[in-house]
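**Q** My questions will all concern the structure given below.
The values are calculated or read from the model by the stated rules, or taken from the named source; none is laboratory data. Since this is a predicted model, take the numbers as computed values, not measurements. Ideal geometry is used to build each Cβ from the backbone, glycine not excepted, and the neighbour counts take in all protein chains shown. Quick note on the areas: whole protein, heavy atoms, side chains included, nothing else; ligands and nucleic acids left out. Shrake-Rupley method; radii C 1.70, N 1.55, O 1.52, S 1.80 Å.
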2 protein chains.
Amino acid sequence: MLSWYAVSSQDSVRRYAGNPILLPAQLTPSRPDFEVVGVFNPGAIRVGEETVLLLRVAEAPREVPDGYVASPMYDPELGEIVVRTWPKSTPGLDLTDSRLLVVAGDTFLTSISHFRRARSVDGFQFQVDPVPAFSAGHALEAFGVEDPRITRIGDIYWVNYTAVSGAGIATALASSRDLASFERHGVIFSPPNRDVTIFPEQMQGRYWALHRPMPEDIGRPAIWLASSPDLLAWGGHRLVASARVGMWDDLKIGGGAVPFRVDANGRQAWLAIYHGVTASPLTYSLGALLLDAEDPGIVLGRSRKPILFPEAPYELNGFFANVTFTCGAHAAGDLVRVYYGASDGVTCVADLSLAHILAGLA
Amino acid sequence: MLSWYAVSSQDSVRRYAGNPILLPAQLTPSRPDFEVVGVFNPGAIRVGEETVLLLRVAEAPREVPDGYVASPMYDPELGEIVVRTWPKSTPGLDLTDSRLLVVAGDTFLTSISHFRRARSVDGFQFQVDPVPAFSAGHALEAFGVEDPRITRIGDIYWVNYTAVSGAGIATALASSRDLASFERHGVIFSPPNRDVTIFPEQMQGRYWALHRPMPEDIGRPAIWLASSPDLLAWGGHRLVASARVGMWDDLKIGGGAVPFRVDANGRQAWLAIYHGVTASPLTYSLGALLLDAEDPGIVLGRSRKPILFPEAPYELNGFFANVTFTCGAHAAGDLVRVYYGASDGVTCVADLSLAHILAGLA
């Protein structure tokens, strides 16, 4: 299988030679006046013999009148997505971030994301459902739903996702039995909070999740831990890992793939693949946290260097360049198959070696 | 009793003529090398015939070597409060905010707060316990505990408070049967979150709290609502009220006194006294939210103008000027007796008229 992979600067990383495995042009838009501008940051899970992805699909209006900029958003009163436009001559209009449209201090998004299910037998060739599985449908999702993570507990798939609106960036929860239709369970972490990963097993009789609040005034961006009696209400917040000065994750960090159990040289533990950001140039890389099997607030190890970082052309260029960002991985033996979004535009896959990841922890 | 009150520009506000009722000089420091620099923002509750305050007491090192600045902080490894010092010549040292000490981007506080119990029969003359009731005792409280709110449910006083540390500004929970000794229950709202008020009754079989996350990138400071099965884990977050452009609460808002039930012209409802901040000059005032009796996420009314704002000398001047800030009030009939901190330094009391508050809602 090695021949399937393009060369990487890291021996331990085997990028699929057919990357990106999903491109915007492959997807049918959810409506004729929209175009798909991104398919990235999928949740990933094994279901029997299949790999199922829940894709984040970003769409933008296909035609914007000359001299105007547009932001698609869900209107809770109409119950549908509408397109709001501003003349480019609007005072205070700021378009410097390709993802954003800032008007006099209020921030809107240039695209709106929904989730689409995709299925594969080999893990590389995916069949994408023609219609959205889950779309913005609440005032707190007015700017879209983003970055789904899938945690299977019993027969239920719990999907937490970023709910974006003018009220802030929060994390909400939905459940599903088929990843095609969902039930909403509201906002589980108030803004600013994203990059939540729910552990797939109870510990100490409770559910657990890593989350990423964003302190203001005092405090550095950090991954926190919370626990819950019912997956809906969360408490017992503890700091797990902060951004590290002078390292690859010095600016921001946040959860990535849903943690999975590993045997770390004879010791049972959780492996949590997370993302770290550094500035100059702004770069999103992946690393790993090794967490205690019974108390995931105890950090046993953390990647000294990234386990995956932007170096392929589709990672170095794109809608928002220099980004490798995961919401899901599949692990079996030494294989850690990471599904990830590249440059906020396309979906890729890379196989990593668990032994290499563990060897790189400090 | 009217003669006890100094005149206010608002007929509906009667400030106690003996304000401030508590000054730093009246309190014994918790240790000989510290001085009390503030006694403010008390939680307040009626216990039988008494009014009990849980005072926020801020202390700073009495003597700092010439040419140095100091920050007191709890050291979790030593299990005690230590004093950290920096030469005033330290590059990047920023002392522009009297409350803060910023060193190369890291923020520390110039004082550390604990809680002290005070009791009164008449509601004006308070007997202050000579020793702290609750002090920093956890890594997430390293910079102190602040702004307690007391909610009585059955025989238990639940006290939520701001837990400040280098990791951020969070809200933690403790419980007590006498407001003199406490049991910790950890962080219930991760940073950035403060100004939490827990409702004193269950609704729909759940506990409820207003909280104040601080969105970054997208979203304005706003009061949110959450519910809980057990007071420890919180979910179902909803937006309740945002800062209002061009009004007295246009910059920031947050919870104040623990909400209490009122009869609003024949309709049962909750009254939540909150604080609003406006800039130029930076001013902290109080207003009210009228919330539905069974679903406190439904806003029935909101103060068009502040119900109390800085105008007395002790409010216009002080450690951090132009602040009226409440953590507790006592209501009976038309009387709403508000205990509040003035200018982050002293404790005051004012009697407001419920009828006036209700008449000023829009």
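**Q** Tell me, what is the FRET efficiency for A:A25 and A:L316 to the nearest 0.05, using R0 = 22 angstrom and their Cβ-Cβ distance as r? Walk me through the numbers on the way to the answer.
**A** Numbers: r = 20 Å, r/R0 = 0.90.
So the FRET efficiency works out to roughly 0.65.
**Q** Using Stokes-Einstein with the Kirkwood hydrodynamic radius over Cα pairs, what translational diffusion coefficient do you get for region B:10-359 at 4 °C and a viscosity of 1.567 mPa s, in µm²/s rounded to a whole number?
**A** Rounded, D is 64 µm²/s.
**Q** Mind checking which of B:G123, B:F309, B:F143 is farthest towards the positive end of region B:10-359's charge dipole, using Cβ charges of +1 (Lys, Arg) and -1 (Asp, Glu) about the Cα centre?
**A** B:F309
**Q** Same structure, new question: Where in region B:235-276 does the label zone of A:V103 land, with the point 7 angstrom along Cα→C-beta and an amide N cut-off under 17 Å?
**A** Under 17 Å, as judged by backbone N against the label point of A:V103, lie B:245 of region B:235-276.
**Q** In debye to the nearest 20, how big a dipole does region B:44-137 give about its Cα centre with +1 on each Lys and Arg Cβ and -1 on each Asp and Glu Cβ?
**A** Magnitude of the dipole: close to 180 debye.
**Q** If each label sits 7 angstrom from Cα along the C-beta direction, how far apart, in nm, is A:S89 from its counterparts in the other copies?
**A** 5.8
**Q** Which value, in debye to the nearest 20, describes the size of the charge dipole of region A:10-359 about its Cα centre when Lys and Arg Cβ atoms bear +1, Asp and Glu Cβ atoms bear -1, and nothing else is charged?
**A** Its charge dipole is roughly 640 debye.
**Q** What list of ³J(HN,Hα) couplings, whole Hz, do you get for region B:263-271 from phi and the Karplus terms 6.51, -1.76, 1.60, once you set θ to phi - 60° and write x for glycine and proline?
**A** Using θ = phi - 60°, the values come out as 9, 9, 6, x, 9, 5, 7, 9, 10 Hz.
**Q** Another question, then. Quick one: label points 7 angstrom along Cα→Cβ at A:L335, distances to the other copies in nm, smallest first?
**A** Distances between equivalent label points, in nm: 7.6.
**Q** Okay, next question. Once phi is turned into ³J(HN,Hα) by the Karplus curve 6.51 cos²θ - 1.76 cosθ + 1.60 with θ = phi - 60°, what whole-Hz value does each residue of region B:324-330 show in order, with x for glycine and proline?
**A** 10, 9, 10, 10, x, 9, 10
**Q** Grab the eigenvalues of the alpha-carbon gyration tensor for the protein assembly as shown, scale each by 5, take roots, and send me the semi-axes largest first in whole angstrom.
**A** 47, 29, 23
**Q** Right, another one. Compute the distance from the alpha-carbon center of region B:140-168 to that of region B:293-362, in whole Å.
**A** Cα centroid to Cα centroid, the span is 21 Å.
**Q** Putting +1 on Lys and Arg Cβ atoms and -1 on Asp and Glu Cβ atoms, find which of B:S227, B:F325, B:A264 reaches farthest to the positive end of the dipole of region B:10-359.
**A** B:A264
**Q** Hey, can you grab everything whose amide H is under 5 Å from the amide H of B:R152? Only 5+ residues off in sequence or another chain; H modelled, so Pro and N-termini drop out.
**A** So B:R152 has HN proximity to B:W158.
**Q** What is the magnitude of the charge dipole of the protein assembly as shown about its Cα centre, with +1 placed on the Cβ of each Lys and Arg, -1 on the Cβ of each Asp and Glu, and no other charges, expressed in debye to the nearest 20?
**A** Dipole magnitude for the protein assembly as shown comes out near 160 debye.
**Q** Moving on to the next point. What ranking, highest mean first, results for peptides B:91-102, B:320-331, A:112-123, B:272-283 when packing means the other Cβ atoms within 10 Å averaged over each residue?
**A** Ranked from most to least packed, the peptides come out as B:320-331, A:112-123, B:272-283, B:91-102.
**Q** Continuing with this model, one more query. Simple spin-label model, 7 Å along Cα-to-Cβ: A:S181 to B:H356 in nm?
**A** 5.8 nm
**Q** Over chain B, what is the mean sequence separation of C-alpha contacts under 8 Å (at least six apart), divided by residue count, expressed as relative contact order in percent?
**A** The normalised contact order for chain B reaches 15 percent.
**Q** Under the Karplus relation 6.51 cos²θ - 1.76 cosθ + 1.60, θ = phi - 60°, what is the ordered set of whole-Hz ³J(HN,Hα) values for region A:132-142, x standing for Gly and Pro?
**A** With the stated coefficients, region A:132-142 comes to x, 8, 7, 10, 3, x, 7, 3, 7, 10, 4 Hz.
**Q** Between A:M203 and B:A139, what is the label-point separation in nm under the 7 Å Cα-to-beta-carbon projection?
**A** Result: 1.4 nm between the two label points.
**Q** Still on this structure: Mean-square fluctuation check for chain B, GNM, Cα pairs under 10 Å: which of B:R194, B:R267, B:R62 is largest?
**A** Residue with maximal mean-square fluctuation among B:R194, B:R267, B:R62: B:R267.
**Q** Quick check for you: with a 1.4 Å probe and neighbouring chains kept, what is the accessible area per residue of chain B, in Å²?
**A** On a per-residue basis, chain B sits at 37 Å².
**Q** Anyone know which of A:P20, A:P132, A:P215 comes out most mobile in the 10 Å Cα GNM of chain A?
**A** Comparing A:P20, A:P132, A:P215 in a Gaussian network model of chain A, the most mobile one is A:P215.
**Q** Once the other residues with Cβ under 15 Å from the Cβ of A:A25 are scored (Lys, Arg +1; Asp, Glu -1), what is the net sum?
**A** Net charge in that neighbourhood comes out at 0.
**Q** Checking the cross-link filter: which lysines have an alpha carbon closer than 29 Å to that of A:K252, excluding same-chain neighbours under 8 positions apart?
**A** Straight-line reach from A:K252, under 29 Å: A:K305, B:K252.
**Q** Let me ask you something else. I'd like the mean, over residues of A:167-178, of how many other protein chain beta carbons sit within 10 Å of each residue's own Cβ. Before the final figure, lay out each step's value.
**A** Working: counts 11, 13, 5, 6, 1, 1, 1, 0, 0, 0, 0, 0.
Taking the mean over all residues of the peptide, I get 3.
**Q** Determine the calculated [θ] at 222 nm for chain A from helices alone, applying -39500 (n - 2.57) to every DSSP H run no shorter than 4 residues and normalising by the residue count; nearest 500 deg cm²/dmol.
**A** The per-residue figure over chain A is -500 deg cm²/dmol.
**Q** OK, next. Give me the percent of accessible area attributable to carbon and sulfur for chain B, probe 1.4 angstrom.
**A** Within chain B, the accessible surface is 52 percent carbon and sulfur.
**Q** Separation of region B:118-133 and region B:26-81 by C-alpha centroid, Å?
**A** About 15 Å separates the Cα centre of region B:118-133 from the one of region B:26-81.
**Q** Turning to a different aspect of this structure: Residues with beta-carbon under 14 Å from that of A:E294, excluding A:E294: net charge, scoring Lys, Arg +1 and Asp, Glu -1?
**A** 0
**Q** Given C-alpha coordinates of region B:137-192, what is the ratio Rg to Rh with the Kirkwood estimate of Rh?
**A** Radius of gyration over Kirkwood radius for region B:137-192 works out to 0.98.
**Q** Answer with one residue from A:A243, A:L300, A:P29: the one whose Cα lies farthest towards the positive end of the charge dipole of chain A, charges on Cβ with Lys, Arg +1 and Asp, Glu -1.
**A** A:L300
**Q** Over both sides of the B-A contact, add up the buried accessible area with a 1.4 Å probe and give it to the nearest 100 Å².
**A** That pair hides around 2800 Å² of surface in total.
**Q** Please give the average number of partner chain Cβ atoms lying within 10 Å of the Cβ of each residue in B:236-243, rounded to a whole number.
**A** Other-chain Cβ atoms within 10 Å of each residue's Cβ, averaged: 5.
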